[in-house]
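Here is the structure we will look at.
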Amino acid sequence: MTSIFGSYDQAALDAQYNNRAMVPEYPGHLARWQTESEMARRRLAAELDIPYGPGPAERFDFFRAADQPRGAPILVFIHGGYWQALDKKDFSFVAPAYVSAGVSVAVVNYALCPAVTMDEIVRQTRAAMAWLWHNARKVGGDPGRIFVSGHSAGGHLTAALMTTAWQAHGLPADAVAGGVAISGLYELEPIRLSYLNKALAMDAAVARRLSPIFDVKPAAGATAPLVLAVGQEESTEFHRQQDVFAAAWRGVGRAAHALDLPGRNHFTVLDGFCAPGDPLFAATLDQIGRFPR
């Protein structure tokens, strides 16, 4: 056996990140998300396909919270799909519970690999965040209470936004008030070495540059708290990814609340994010509630 990352040979490393093989019933979860998302778009006050950039994929759907005349907090949600699959329209289902709680939700789209590079995906999600900060009041939101969240690849992009030096992009250091990363990927080297890189085409320099684990800095004006969540039934590598990122975040004096959710796999872990009464939903609302107007 030839190890290529940690103790893993190629087959073992590929298996660690093959979530669909680990959860063979995944098509049912995807179908349910699509059905619930269609219902959410019909039922909620939704503004669809708002452009945040010039590209055809640079769009987001906005679900406005009711009864917030002075501006609601905004929860940005970034979908997963290993940077190469799925679409914002598949994830409208995350919005209803937050809208009912007085939080507006922006579900962000981005172009996918291999049509674009990983660098371009990170650039697009930063552009979406910047657009929302500059235009928050126009959509009935509060620029001082923008929170970012995401699942899987979206968890990676959430962490990338949490570690961005926003002053370099014309925003205040605390432009992101907090983050919730679910089943995230914070070190991309094992991804580069796995079967996934056929579509992503990262070299070692790109994988390191876009790994949030290497970009965690002391607060210094950006004190945003972080919630991390992983399903208990997810692979060892997903647990390791969360553990090392939580340790890095805490290691520079920043707050990280890490959840290991029992009975949840890579797909069902997202259900708790938008289910009132679930610890992940509660942790997300608690984070938002720490930033009153």
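Taken together, the values in this text are just the output of simple stated rules run on the coordinates, not laboratory data. Predicted model, so just to flag it, every value in this text is computed and none were measured. With ideal geometry, Cβ positions are generated from the backbone for all residues, glycine too; neighbour counts draw on all protein chains shown.
Using +1 at the C-beta of Lys and Arg and -1 at the C-beta of Asp and Glu, which of GLY80, PRO96, GLY272 has the Cα lying farthest in the positive direction of the dipole of segment 10-289? In segment 10-289, that residue is PRO96.
Sequentially through segment 257-274, phi angles give Karplus couplings (6.51, -1.76, 1.60; θ = phi - 60°) of 10, 9, 10, 10, 8, x, x, 9, 9, 5, 9, 6, 4, 6, 4, x, 5, 10 Hz, Gly and Pro residues having no value and appearing as x.
Using the Cβ-Cβ distance between ASP286 and ALA66 with R0 set to 22 Å, the FRET efficiency works out to roughly 0.55. Within the same chain, aspartates and glutamates fewer than 8 places from LYS88 are excluded, and of the rest, those with a Cα less than 20 Å from its Cα are GLU36, GLU38, GLU47, ASP49, GLU58, ASP61, ASP119, GLU120, ASP271.
Let me know the shape class of segment 151-211, please: from the alpha-carbon gyration tensor, a ≥ b ≥ c as square roots of the eigenvalues, rounded when a/c is under 1.5, otherwise prolate if a/b is greater than b/c, or oblate. In terms of gyration-tensor shape, oblate.
Computed from Cα atoms, the angle from the helix 236-251 axis to the main principal axis of the chain rounds to 60 degrees. Panel order for MET39, MET22, by other beta carbons found within 10 Å of each beta carbon, from fewest to most: MET39, MET22. Once the C-beta distance of ALA45 and ALA12 is scaled by a Förster radius of 51 Å, the resulting FRET efficiency is 0.60 to the nearest 0.05. According to the square roots a ≥ b ≥ c of the eigenvalues of the Cα gyration tensor, what is the shape class of segment 81-147, taking rounded for a/c under 1.5, prolate for a/b larger than b/c otherwise, and oblate for the remainder? Cα axes put segment 81-147 in the oblate bin. Remark: segment 195-202, residue by residue, has Karplus-estimated 3J(HN,Hα) of 4, 5, 6, 4, 8, 7, 6, 7 Hz, where x stands for each Gly or Pro and the curve is 6.51 cos²θ - 1.76 cosθ + 1.60 at θ = phi - 60°. Helix-only arithmetic for the chain: the sum of -39500 (n - 2.57) across DSSP H runs with n ≥ 4, divided by the residue total, places the mean residue ellipticity at 222 nm at -10000 deg cm²/dmol.
Quick one: grab the alpha carbon gyration tensor of segment 10-289, order the square roots of its eigenvalues as a ≥ b ≥ c, and give me rounded if a/c is under 1.5, else prolate or oblate depending on whether a/b is larger than b/c. It comes out rounded by the Cα gyration axes. With a Förster radius of 22 Å applied to the beta-carbon distance between GLU38 and GLU233, the computed FRET efficiency rounds to 0.20. A DSSP coil position with no more than 16 other Cβ atoms inside 10 Å describes the following GluC sites (Glu not before Pro) in segment 1-103: GLU25. For a straight C-alpha distance cut-off of 17 angstrom, no lysines are reachable from LYS217 once same-chain residues fewer than eight places away are disregarded.
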